[in-house]
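As structure tokens, the structure follows; a few thoughts come after it.
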Amino acid sequence: MVAGKGNMAAKKYRGEVFINRDRCKGCGFCVEFCPTHVLTLDREFNTRGYHPPVVVDADACTGCDLCGLYCPDFAIHGWRVPVQSDGAGE
Amino acid sequence: MSQGEHRNPVESFLRMDRMPHIWCPGCGIGIVVNCFVRALLKSKIDVDSVSVVSGIGCTGRIAGYFKVDSFHTTHGRPIPFATGLKTARPDMNIVVLSGEGDLIAIGGNHFIHAARRNVDIKVICVNNFTYAMTGGQVGPTAPLHSIATTAPYGSHERPFNLPFLAESSGATYVARWTTYHVRQLTKAMVDVLNKPGFCFVEAIAPCPTIYQRRNRMGDGLEMMRFYREHSRIANGADTRSLDIEMGGEIVVGKFIDRDRPTYLEAMDEELSKRLGNRYVPYPTGVKR
């Protein structure tokens, strides 16, 4: 569930987000409070019967880790990967 | 699907073998844990010098999940335990993380006296307005007219205003944030980790299963939206004006930041004055 390329014009970094599906309890905080609306709740269930988030707009992720701060179950977090030059991130 | 070399920063501070934790979906206590871990990382203090003490209740489980020196005390007694710990080991950073039923109701006496003496401990109180673990009795901060197991027609008790209580008892740092204000809550925790004296941070948290279900307030997400829409940041506000009403505005912010001699400093000063060279000063000094 790794995804994302910085949406910044300068592209100094790209954001990545990791979701631990089976630890999620489906509260939806990360979906609601993601500033760039990267996530949505999955239609599928996880092994515990909740709907975990999935990435729908990977390019918009800035790696701000607000999802990680909001997640009460420590199931999601974001981070930033530096991009050396334009074109380095494909 | 791989996490790569990047681990969730929370995981290195928690006993992950105990996960999943007991907290309900939509509970705010996990957010307070997130903020505290980020504050530990940001303040760059030695994790071996940190000790987390908590009492009984949903929030009281935090001590069991933290992979630092932690202690899960009896009901209402995290502050006496922390006071003893601080007196025996003045070099340690003692953090009390517990709920409002534990700290303010059964432990209320300890709370006001630790604030009066200005014991150098940091108290982070998760306020969810009810005794959640025991089934939802009226707590010390339950707003007027709220429904609880022991108040099926609405509570008629006047609740505590925690920042006012802490300020008037003598705390050196008083702040209140909700779990919606994660960045500010983290900043407040960094502040208190670097500040000597009795510091108090109130973290208002949703309780979807007990408090909100009985009061028809929706799930955790709905409460977080409520915090976003109905909270007002007023740093330095008069703490007397911070009462919380059902469905009313929640005033948040940093209210008090002052300096007073701590318990051990005051003892050193007084006894040095009285006894002169016969008194050997207490080995104070936290690694800050």
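The values are calculated or read from the model by the stated rules, or taken from the named source; none is laboratory data. Just so it is clear, the structure is predicted and the values come from calculations on it, not from any experiment. Counting neighbours? That spans all protein chains shown, and the Cβs are built from the backbone with ideal geometry, glycine included. Quick note on the areas: whole protein, heavy atoms, side chains included, nothing else; ligands and nucleic acids left out. Shrake-Rupley method; radii C 1.70, N 1.55, O 1.52, S 1.80 Å.
Within segment B:262-275, is even one residue surrounded by 14 or more Cβ atoms within 10 Å (Cβ to Cβ) and under 30 Å from B:ALA151 (Cβ atoms)? No; the residues of segment B:262-275 include none that is surrounded by 14 or more Cβ atoms within 10 Å (Cβ to Cβ) and under 30 Å from B:ALA151 (Cβ atoms). On inspection, B:GLY28 passes the criterion of being open to solvent by less than 20 Å² (accessible area, probe 1.4 Å), facing another protein chain (nearest Cβ under 7 Å) and more than 19 Å from A:ILE19 (Cβ to Cβ).
Within segment B:57-82, the residues that satisfy the criterion of being buried (at least 22 other Cβ atoms within 10 Å of the Cβ) and of a type in the set (Val, Ile, Thr) are B:THR59, B:ILE62, B:ILE79.
Restricting attention to segment B:193-242, the residues that are hydroxyl-bearing (Ser, Thr, Tyr) and over 23 Å from B:ILE29 (Cβ atoms) total 2.
Might you let me know whether segment B:151-172 holds any residue that is surrounded by fewer than 22 Cβ atoms within 10 Å (Cβ to Cβ) and β-branched (Val, Ile, Thr)? Within segment B:151-172 (the criterion being surrounded by fewer than 22 Cβ atoms within 10 Å (Cβ to Cβ) and β-branched (Val, Ile, Thr)), the answer is no, since none of the residues qualifies. If you check B:ARG61, B:ARG7, which single one turns out to be charged (D, E, K, R) and under 26 Å from B:ARG213 (Cβ atoms)? The conditions single out B:ARG61. Contact map, segment B:71-89: residues that are among the hydrophobic types (A, V, I, L, M, F, W, C) paired with residues that are modelled with pLDDT under 95 and in a loop (DSSP other than H, G, I, E, B), Cβ distance under 7 Å, separation 6+ or inter-chain. Pairs shown: B:ILE79/B:GLY107; B:PHE81/B:THR73; B:LEU85/B:MET92.
Looking at the structure I just gave you, is B:PHE226 open to solvent by less than 60 Å² (accessible area, probe 1.4 Å) and either of a type in the set (Lys, Arg) or free of Cβ contacts under 8 Å to residues at least 40 places away in the same chain (or both)? So B:PHE226 passes the test. If you go through segment B:184-233 and pick out every residue that is within 17 Å of B:PHE255 (Cα to Cα) and within 13 Å of another protein chain (Cβ to nearest Cβ), you end up with 6.
In this structure, is B:ARG216 out of contact with any Cys (no Cβ under 8 Å at 6 or more places or on another chain) and either outside any loop (DSSP other than H, G, I, E, B) or surrounded by 12 or more Cβ atoms within 10 Å (Cβ to Cβ) (or both)? Against the criterion (out of contact with any Cys (no Cβ under 8 Å at 6 or more places or on another chain) and either outside any loop (DSSP other than H, G, I, E, B) or surrounded by 12 or more Cβ atoms within 10 Å (Cβ to Cβ) (or both)), B:ARG216 does not qualify.
Residues that are aliphatic (A, V, I, L, M) and in contact (Cβ under 8 Å) with a residue 40 or more places away in the chain number at least 3 in the following strands (runs of 3 or more DSSP E) confined to segment B:102-204: B:121-127, B:199-204. Residues in segment B:191-242 that are among the charged types (D, E, K, R) and under 30 Å from B:PRO90 (Cβ atoms): B:ASP191, B:LYS195, B:GLU202. Among residues of segment A:55-71 that are without any contact (Cβ under 8 Å) to a residue 40 or more places away in the chain and closer than 19 Å to B:TYR180 by Cα, those with a beta-carbon under 7 Å from a residue that is among the basic types (Lys, Arg) and open to solvent by 10 Å² or more (accessible area, probe 1.4 Å) at least six positions away or on a different chain give the pairs A:LEU69/B:ARG38. Being modelled with pLDDT under 90, among the aliphatic types (A, V, I, L, M), buried (at least 16 other Cβ atoms within 10 Å of the Cβ) and over 26 Å from B:PHE13 (Cα atoms) is true of A:ALA58. Considering each residue of segment B:1-15 in turn, at least one proves to be among the aromatic types (Phe, Trp, Tyr) and either surrounded by fewer than 23 Cβ atoms within 10 Å (Cβ to Cβ) or more than 8 Å from every other protein chain (Cβ to nearest Cβ) (or both). Every residue in segment B:137-150 that is open to solvent by 20 Å² or more (accessible area, probe 1.4 Å) and within 30 Å of B:ARG260 (Cβ to Cβ), please. Across segment B:137-150, the qualifying residue is only B:PRO140. Of the residues making up segment A:30-58, just one is at positive phi and more than 12 Å from every other protein chain (Cβ to nearest Cβ), namely A:HIS37. Looking at B:SER54, B:SER43, B:SER70, B:SER49, just one residue is away from chain A (no Cβ under 13 Å), under 26 Å from A:GLY15 (Cα atoms) and polar (S, T, N, Q), and that residue is B:SER43.
Please specify each residue of segment A:16-31 satisfying the condition of being within 22 Å of A:ARG80 (Cβ to Cβ) and not in a loop (DSSP other than H, G, I, E, B). Write out each step before concluding.
We begin by selecting, within segment A:16-31, every residue within 22 Å of A:ARG80 (Cβ to Cβ); these are A:16-20, A:29-31.
Within segment A:16-31, A:GLU16, A:VAL17, A:PHE18, A:ILE19, A:PHE29, A:CYS30, A:VAL31 qualify.
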